[in-house]
Amino acid sequence: MIHPRILVLVFVAVVGVAPFVLSPFSVTILNYIGLYSLATLGLVLLTGVGGLTSFGQAAFAGLGAYSTAWLTTAYGLSPWLTLVIGLLFTLGVGAIIGFATLKLSGHYLPLATIAWAVSLYFMFGNLQTLGGHTGMGGLPPVTIGTLALSENSAFYYLIWATVIGALWLSSNLLDSRPGRAMRALKGGIDVAEAMGVNTQRSKLIAFLIAAGLASVSGWLYAHMQRFVNPTPFGLQIGIEYLFMAVLGGAGHIWGAVLGAGVVTLLKQKLQDVLPHLAGSQGNLEGIAFGLIMVLVLQRAKDGLWPWIARVAVKRQPRAIDATAADLLTREKVDTRAPLLQVDGVSKRFGGLTAVRDMSLDISRGEILGLLGPNGAGKSTMFNLIAGSLGISGGTVTFNGERIDGLRPPAIARRGISRTFQHVRLLPDMTVLDNVALGTHLRASHGVLLSALRAERKREEMLMKEAARQIARVGLGAHINDLAGSLSLGQQRILEIARALAADPLLLLLDEPAAGLRLKEKEALSDLLKSLRSEGLAILLVEHDMDFVMNLVDRLVVMSFGEKIAEGTPAEVQQNERVIEAYLGSVA
Amino acid sequence: MNFDIALMLAQDGIVNGAIYALLALSTVLVFQITRVIFIPSGTFVAFAALTLAALQAGKCPATVWLLVGGGLAVAALDIHQRQWRTRGDVGAILLWNVGYPLALAALLQVVKADDWPVLAQGALCCLILVPLGPVMYRLVYAPVAAASVLVLLIVSIAVDVALVSFGLLVFGSDGMRAPSMIDTDFALGPLTITGQSLVILGTSAALIAGLYVFFEHTLEGKALRATAVNRVGARLMGIATGKSGKRAFALAVFIAVCAGLLAAPTTTIYYDTGFLIGLRGLVGAIFGGLASYPLAALGAILLGLIESVSAFEASSFKEVIVFSLLIPVLLARTLLTDDPGHEEE
């Protein structure tokens, strides 16, 4: 087991000395691996981390490559200037494609990139200004000061310095507030939105970072070859990049380098071996390539890296800086007025009325239980308040402000925090990272600062707060475990910690005691009581009668979408309509 | 562009569009039932045309060996994974997955189909290619049937890469064009209408009508639709959803093969032509949101029209125009979707 930092140092050292010990041919191969790593790294951030995908990486590389090829040869611009122009151009095109698809289901983005990659390929091939299918040559070398990087080994260092830089920026980004928001996309947008993440923005950012990395890779490619033609930017290569990401391990940045390396070397080998088997070139390679990819997706969807990481890399606990400043907390509001007022709310799904004319209110320092038989509409009601469903009629007022019609992130921003009936965590992230996602709205630092690691002070504040909430709910011993390794009961508690990390005024808990053992239930009950004494308002949907009756201040009982009773636990227990709803009528 | 030319372009566009419409329908069909975006549909178009060409040349089409290999793999997997209860089941597995392909291959070794009528040749193509649909579903998609649409899409692309490479291996890089199915042309005003274009339009219309009847008026069709609406619910009603997947793929490949046989006399088809034809079908299907059959067909026909106009006005940018069109289509869908994010599965 190796410490990750040592692994990085070894990697950098190996990259540094490789040109001195390897043949020029091998250095060229490494150059290609470096270029592919860059484009693949973009896909890792998009696919493995963000849960989207693109077949357009090669086409984006093409934009970078052709921008520089055309501008440096036709107008004599400096390659450094064309790098920036190409990058901006790529980001512009990416923004259009992103905007066109990101609101739709996840599969429209890859489909759009397929069509777009095909159309761009034909565009490159048919525009005579860009050299058509024969391509254009005579690109100037990249120069640093007076040094022209025209030798392969000199260019090698430019490529790999870029790769290492990109890896560094990406790993910083992933370990930060915007990075967590991107990683949360994979767990479904419900969770991310409930934590206040603007998911469209996060998706777009992930897509643009991927496009940008591809564009840089294309720029490097153009100046390494000093020649561009359409072939390396076609859809086929875009598919190959995705294959590299999937094989290497799309969930981790090192998977990009690993995938690019393995696929490139494998192709070399296949090209040597296969023609002897079949006597004809190229086609067997494609068959092998396609079949391996299908098998990987069927059998080892996470790719090679996690497997290596398990065996070779020691997971390091994240240190919490106890001296970090505390986060600001929300201003507490007036005690007497109800904090949340639900007034005459209905929800219809087509012809079915799931909730009819429901009213309830919750004040600060109060726990309200929402009870009802299965199918009574409790969870629907819950989702109407949280904004994940739109209401069909009535009003929801929170803290003196109408919130019906707002999207979940806007509702989260106003101080309502929720858990999910079916636990929704990011199982591959640590307990700490999961809870830190809950602090999303309590800071504002973005992609640029995070990638440059310039937000560490603020990030430490978030981490300290997350650790505090974890300790508070009693999961301190598991802070560095992966969320997926916890028991179901612990995962429910973890969701509460995540909700608390947002510093809410109102906590919405959907069946928090389900799956908990008796001791855990008692601990949860104590926790909720102490939160109440701090002035938090809590809405609880729950089935466990003992748990509810000993905890809540008031109860609202629903049956068939309507409120049938309201009052203290003692009153409700005597209510005939409640008894009837639960036990059936005596007659 | 004068009126005569416009009419000619419209005729061309509608005829091509009818072919794309078939592919769009097969894409919607497969997506609705299995959530798979069936990228290889286009490759089956090419396989159909190239298989037909091999038959017409009196050769044994190599696609039959794909069926033999695939069938063996299915039989091995089914038996290994205990998809049987009785010896009879094992017998049936072997009969359909090993016996049938081998019998077909043996038949093709002895029989020369070059002087058969074109309809019989087409039927033979179907016998070879259509079973590849269920075989492919069983081998490739069934093991990941529960995965996300995204993973299924990547799988589709990977299969297509393998299939296209197989196509190059066995058919080589030469293109082929089949002779017209009907040689009679006749004039209608300024237009010359070829028999082939009538065959294409007629067959497409018949297939679309057939699909409609199948889904609306037969139990089997309704079962498939039920699977599309709710997998779990369908299963509770006793519908075998795995079987639905195989049926959907058989149907989709059948449609794609028909499209290929129809297109074969109108254009030169290479081993890799199919992908771009399939992609046109996909653009049409997306026009219908991957859900609506009539909108998908309409989108495909519009695409055919736009293509024929752009082929006339700017022929070297035909593909650029056709595939860039997807972006505004998606943009329109985005702007019409007012409830962001809730389209997730």
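Net charge dipole, the protein assembly as shown: roughly 1520 debye, given to the nearest 20, about the Cα centre with Cβ charges of +1 for Lys and Arg and -1 for Asp and Glu. Taking other C-beta atoms within 10 Å as the exposure proxy, A:Trp116, A:Trp70 rank A:Trp70, A:Trp116 from fewest upward. Rounded, prolate or oblate: which one fits chain A, using the alpha carbon gyration tensor with axes a ≥ b ≥ c (rounded when a/c is under 1.5, else prolate when a/b beats b/c, else oblate)? Note, shape of chain A comes out prolate. Which distance in Å, rounded to a whole number, links the C-alpha centroids of segment A:494-528 and segment B:244-304? Cα centroid to Cα centroid, the span is 52 Å. Here the sum of -39500 (n - 2.57) over DSSP H runs of 4 or more residues, divided by the residues of chain A, equals -17500 deg cm²/dmol at 222 nm, to the nearest 500.
Taking segment A:296-316 and a reference point 7 angstrom along Cα→Cβ of A:His3, the backbone N atoms nearer than 13 Å belong to A:314-316.
Taking other C-beta atoms within 10 Å as the exposure proxy, A:Phe207, B:Phe186 rank B:Phe186, A:Phe207 from fewest upward.
For chain A, the relative contact order works out to 17 percent when only alpha carbon pairs closer than 8 Å and six or more residues apart are counted. Taking 19 Å as the cut-off, the amide N atoms of segment A:419-449 that come nearer than this to a point 7 Å along the Cα-to-beta-carbon line of A:Glu534 belong to A:419-420, A:432-443. Hydrophobic, long helices, defined as DSSP H runs whose alpha-carbon span along the helix axis is 24 Å or greater and whose mean Kyte-Doolittle value is at least 1.0, occur in chain B at B:3-34, B:63-80, B:149-171, B:195-217, B:241-263, B:293-313. May I ask you to list the aspartates and glutamates whose Cα is less than 15 Å away from that of A:Lys519, ignoring any residue fewer than eight positions away on the same chain? Within reach: A:Asp544, A:Asp546. Is the shape of chain B best called rounded, prolate or oblate, per the rule: a/c under 1.5 gives rounded, else a/b larger than b/c gives prolate, else oblate, with a ≥ b ≥ c the square roots of the Cα gyration tensor eigenvalues? Oblate.
Let me know the shape class of segment B:1-157, please: from the alpha-carbon gyration tensor, a ≥ b ≥ c as square roots of the eigenvalues, rounded when a/c is under 1.5, otherwise prolate if a/b is greater than b/c, or oblate. Since a/c reaches 1.5 but b/c is at least a/b, the shape of segment B:1-157 is classed as oblate. Charging the Cβ of each Asp and Glu at -1 and of each Lys and Arg at +1, and nothing else, the dipole of segment A:337-379 about its Cα centre rounds to 200 debye. This ranking places A:Lys347, A:Lys301 by how few other beta-carbon atoms lie within 10 Å of each, fewest first, which gives A:Lys301, A:Lys347. When chain B is treated as a Gaussian network with alpha carbon springs shorter than 10 Å, the biggest mean-square fluctuation among B:Thr86, B:Thr184, B:Thr267 belongs to B:Thr86.
Adding -39500 (n - 2.57) for every DSSP H run of four residues or longer, then dividing by how many residues chain B holds, sets the calculated 222 nm ellipticity at -23000 deg cm²/dmol.
What is the extension gain from A:Leu77 to A:Ala300, computed as 0.36 nm multiplied by their sequence separation minus the C-alpha to C-alpha distance, in nm to one decimal?
75.6 nm
Cross-link partners of A:Lys203 among lysines, defined as those whose alpha carbon lies under 16 angstrom from its own and excluding same-chain residues fewer than eight positions apart: A:Lys103, A:Lys186. With loop membership from DSSP and a limit of 10 other Cβ atoms within 10 Å, the longest segment of chain A without GluC sites (Glu not before Pro) is A:1-330. Taking a span of 15 Å or more along the helix axis (Cα atoms) and a mean Kyte-Doolittle hydropathy of at least 1.0 as the rule, the DSSP H helices of chain A that qualify are A:4-21, A:24-43, A:79-101, A:108-126, A:152-174, A:235-248, A:283-299.
Computed from the coordinates by the stated procedures, all read-outs in this text should not be read as laboratory data. Keep in mind that this is a model prediction, so the values were computed, not measured. Positions of Cβ are backbone-derived with ideal geometry, glycine not excepted, and every protein chain shown enters the neighbour counts.
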